[in-house]
Structures are given as C-alpha cells and as structure tokens.
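One structure below.
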C-alpha cells in the first residue's frame, strides 16, 4: 500500500462499499414496511385475482429484501487483502467483491420496482 495510486484505489472502493451498505440498509427498512402492509391488507381482499396479484407483489418484494440483505453481508477488506498473494491482487479481488455487491443491489432495485408496480396494479383492481 506504499504506492499512492493503490492507496487511493483502495480508499475509493471502501467508500463505494460503505455507500452501497447504507443504501441497502434503507431499502431493507422500506421493504420490511411494505411486506407488513401487504400482508395485513391482503387478508381483506376477497377477489382471487387481486389476492394472487397481492401475493405475487409480496414475493417480489421479499426477493428484493433478500438481495438487499446479501448486499449487507459483512466481509472485511482487511481479510481480502491479507489472503491475497500481493497487494495488487488483493485490490483486484476487492473490486470483484464490490462488483458482485453492485449486481445484487441492482437486482434488489429491479425486484422492488416490479413489486411496487404489482402493488399499484392491486390498488387499481381494488378501486375499480
């Protein structure tokens, strides 16, 4: 880590990981609230098609919450760096780990968006 370039690269990756973790924590809170609301209101739905749409939305939001929790999975950068044969290889592995977390975060956002779209459809069916 003596090289200034490697130190700056390491600091940037750590900053990005902290930002993703913060966003994922907020998403887990939102998803938990949505899951509770859907579960409570789905018991009062009588139309089978509307109830199926509500439960489908619930499953999609649950999958989004799972992806968000996987983003929050803790793995310390020092462990990654310590297990690497060189600092450059450690930084490359650290970046791969960051990229994996980005994919999970994107999946969580996509599933949440689809689940919310389904929830909008449920509300529309109830009101019409």
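Odds and ends about this structure:
- Test: residue in the stretch 77-84 that is assigned to a helix (DSSP H, G or I) and within 11 Å of the chain's Cα centre (by Cα): no
- Unique residue being under 27 Å from residue 70 (Cβ atoms), assigned to a helix (DSSP H, G or I) and modelled with pLDDT under 90 when the list is 19, 57: 19
Quick grid of which residues meet (1) surrounded by 13 or more Cβ atoms within 10 Å (Cβ to Cβ); (2) modelled with pLDDT under 80; (3) not in a helix (DSSP H, G or I):
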| site | (1), (2), (3) |
| --- | --- |
| 5 | no, yes, no |
| 31 | yes, no, no |
| 68 | yes, no, no |
| 74 | no, yes, yes |
| 96 | no, no, no |
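- On inspection, residue 103 does not qualify as at pLDDT 80 or above, under 24 Å from residue 38 (Cα atoms) and surrounded by fewer than 20 Cβ atoms within 10 Å (Cβ to Cβ).
- Taking residues in the stretch 10-33 that are closer than 19 Å to residue 113 by Cβ, and partners anywhere that are outside any helix (DSSP H, G or I) and at pLDDT below 90, the pairs with Cβ atoms closer than 8 Å and at least 6 places apart or on different chains are 24/72; 25/72; 28/72.
- Scan of the stretch 44-54 for residues that are assigned to a loop (DSSP other than H, G, I, E, B) and touching a helix residue (DSSP H, G or I) at 6+ places or on another chain (Cβ under 8 Å), ordered by number: 45, 47
The values are calculated or read from the model by the stated rules, or taken from the named source; none is laboratory data. All figures in this text were calculated on a predicted structure; none of them were measured in a lab. Note that each Cβ is placed from the backbone with ideal geometry, even for glycine, and that neighbours are counted across all protein chains shown.
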